[in-house]
Amino acid sequence: MIHTETPPCRSGNVLQQYRDLRLWQRALELSRTALLIFRDSVTGDPELIRTIRALAIQIPALIATGQSRGSTADSIRLLASARGELAALDTCCMLANQLGMVDLTTRRQIEVLIIETASLIDQAFEKNPVPL
């Protein structure tokens, strides 16, 4: 059985700070979905599968790390990294579809989660613009 709920934690602690974020929750859903799709049952380029799985894991981890550091600058920097990883994940999933590793319906399922996660990151940037 796959555990799909985030364990409760005490209010005010570091875990609560990032686990309460809709952005982190959506990124975790994206990660879980990509990991389930790109399990051993998907055939194709093993390096592409490893890359997709690594990117999927990295996105919510970057968001959690940025939120947990307690610094706005760190949070913004790590959100920017997560945004870049989303673009890389999108590219890899598109390639996996073009190579016949996943069908278009599966590709769209991941794409929707990528777009939703990217939108939430963009909203966070609107609140804290990235300095040029």
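Brief remarks on what is shown
- Residues being over 21 Å from ILE114 (Cα atoms), at pLDDT 55 or above and not aliphatic (A, V, I, L, M) - total across the range 1-39: 3
- ALA124 falls short on exactly one of the conditions (1) farther than 25 Å from LEU36 by Cβ; (2) free of Cβ contacts under 8 Å to residues at least 60 places away in the same chain, and that condition is (2).
- Picking from residues in the range 58-102 that are in a loop (DSSP other than H, G, I, E, B) and in contact (Cβ under 8 Å) with a residue 12 or more places away in the chain, the one that is nearest to LEU21 (Cα to Cα) is VAL102.
- Number of positions in the range 103-112 that are of a type in the set (A, V, I, L, M, F, W, C) and within 17 Å of LEU23 (Cα to Cα): 2
- Members of the range 94-108 found to be surrounded by 11 or more Cβ atoms within 10 Å (Cβ to Cβ), more than 13 Å from THR43 (Cβ to Cβ) and hydrophobic (A, V, I, L, M, F, W, C), listed by number: MET94, LEU95
- Residues located in the range 79-89, provided they are modelled with pLDDT of 95 or more and buried (at least 18 other Cβ atoms within 10 Å of the Cβ): ALA82, ARG83, GLU85, LEU86, LEU89
- None of LEU104, LEU86 is touching a helix residue (DSSP H, G or I) at 6+ places or on another chain (Cβ under 7 Å) and within 19 Å of ARG32 (Cβ to Cβ) except LEU86.
The values are calculated or read from the model by the stated rules, or taken from the named source; none is laboratory data. Note that the coordinates shown come from a computational prediction; the quantities given were computed from them, not determined experimentally. Note that each Cβ is placed from the backbone with ideal geometry, even for glycine, and that neighbours are counted across all protein chains shown.
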